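The structure appears right after this line, and notes come after that.
The values are calculated or read from the model by the stated rules, or taken from the named source; none is laboratory data. In this text the structure is predicted, and so the values were computed from the model without any measurement. All Cβ positions, even for glycine, are placed from backbone atoms using ideal geometry, and neighbour counts span all protein chains on display.
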Protein chains: 2
Amino acid sequence: MQGDDDYMHIQEFQKMMRRLYFHRDSERGLKGTFNWLVEEVEELREALENGDRKEVEREFADVIAWLSSLANITGVDLEKAALAKYEHKCPKCKKAPCACTF
Amino acid sequence: MQGDDDYMHIQEFQKMMRRLYFHRDSERGLKGTFNWLVEEVEELREALENGDRKEVEREFADVIAWLSSLANITGVDLEKAALAKYEHKCPKCKKAPCACTF
């Protein structure tokens, strides 16, 4: 069995982000927080282009962190939202793996 | 205790995305998948502006889904990356809640 530090539900991660940053996120507001998310996605692109592994991992972390912050200030439960749409099958073709034809 | 459908580790969600979409994600490749992520972030912006609650939730789901797809084709464990950077305290000031001064 793994300890708490090894595993984390999406919901727990979002709650951790709330604990750490909600005071700042709510002050900054929706638009400012969304713009930060966009900036982090751009930094992820740069890291992927540069190819530094550690930097890529840190930028993935930042994108999910800012997505969680945005979810916190909009009152969305990221985990519930994700599982409501992706419940072990493709939401379009209802198959697993996805067998959509385009 | 909640059932499997109510809870999901970030890692499990990423694995589910792999099961559903890896065949397509790997064919599409890094750039195409990154561009989809950017498009989903833009759709999230539109949903937030329009204010339809259900649509906002679906777009949050899509962003984390495409971020997971991107992590799958780059071989990054999103959960490990997130917890390596955000381990219950701010990575900059090392405090919880964050007490960074700007």
Taking the stretch B:83-102, which residues are among the aromatic types (Phe, Trp, Tyr) and exposed (fewer than 13 other Cβ atoms within 10 Å of the Cβ)?
B:PHE102
Specify which of the listed residues (B:GLU59, B:GLU42, B:GLU49, B:GLU12) is within 30 Å of A:GLY29 (Cα to Cα), under 14 Å from the mean Cα position of the chain (by Cα) and among the acidic types (Asp, Glu).
B:GLU59
Looking only at the stretch A:4-57, which residues are among the small types (Gly, Ala, Ser) and within 17 Å of B:LEU48 (Cβ to Cβ)?
A:SER26, A:GLY29, A:GLY32
Within the stretch A:37-72, track down each residue that is part of a helix (DSSP H, G or I), more than 7 Å from chain B (Cβ to nearest Cβ) and not acidic (Asp, Glu).
A:LEU44, A:ALA47, A:ASN50, A:ARG53, A:LYS54, A:TRP66, A:SER68, A:SER69, A:LEU70, A:ASN72
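Quick one: which residue in A:PHE13, A:PHE60 is farther than 15 Å from B:VAL63 by Cα and buried (at least 21 other Cβ atoms within 10 Å of the Cβ)? Steps first, answer last, please.
Working: A:PHE60 fails: farther than 15 Å from B:VAL63 by Cα.
That would be A:PHE13, the only listed residue that is farther than 15 Å from B:VAL63 by Cα and buried (at least 21 other Cβ atoms within 10 Å of the Cβ).
Take the residues of the stretch A:16-34 that are crowded, with 21+ Cβ neighbours inside 10 Å and touching a residue at least 40 places away in the same chain (Cβ under 8 Å): which is nearest to the chain's Cα centre (by Cα)? Steps first, please.
We begin by selecting, within the stretch A:16-34, every residue crowded, with 21+ Cβ neighbours inside 10 Å; these are A:17, A:20-21, A:25, A:33-34.
Subset that is touching a residue at least 40 places away in the same chain (Cβ under 8 Å): A:17, A:21, A:25, A:33.
On the way: A:MET17: 11, A:TYR21: 15, A:ASP25: 15, A:THR33: 13 Å.
Per the criteria, the residue is A:MET17.
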Test each condition in (1) part of a helix (DSSP H, G or I); (2) modelled with pLDDT of 95 or more for B:VAL76 and report the one that comes out false.
(1)
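Assigned to a loop (DSSP other than H, G, I, E, B) and either at the interface with another protein chain (Cβ under 10 Å from one of its Cβ atoms) or among the aromatic types (Phe, Trp, Tyr) (or both): does that describe A:TYR7?
In short, yes.
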Within the stretch A:73-83, count every residue that is farther than 21 Å from B:ASP77 by Cβ, facing chain B (nearest Cβ under 7 Å) and small (Gly, Ala, Ser).
1
Could you tell me how many of the residues in the stretch A:62-100 are farther than 23 Å from A:SER26 by Cβ and among the small types (Gly, Ala, Ser)?
3
Tally, over the stretch B:66-79, of residues that are charged (D, E, K, R) and surrounded by fewer than 16 Cβ atoms within 10 Å (Cβ to Cβ):
0
If a residue has to be at the interface with chain B (Cβ under 7 Å from one of its Cβ atoms) and aliphatic (A, V, I, L, M) to count, how many in the stretch A:85-99 make the cut?
1
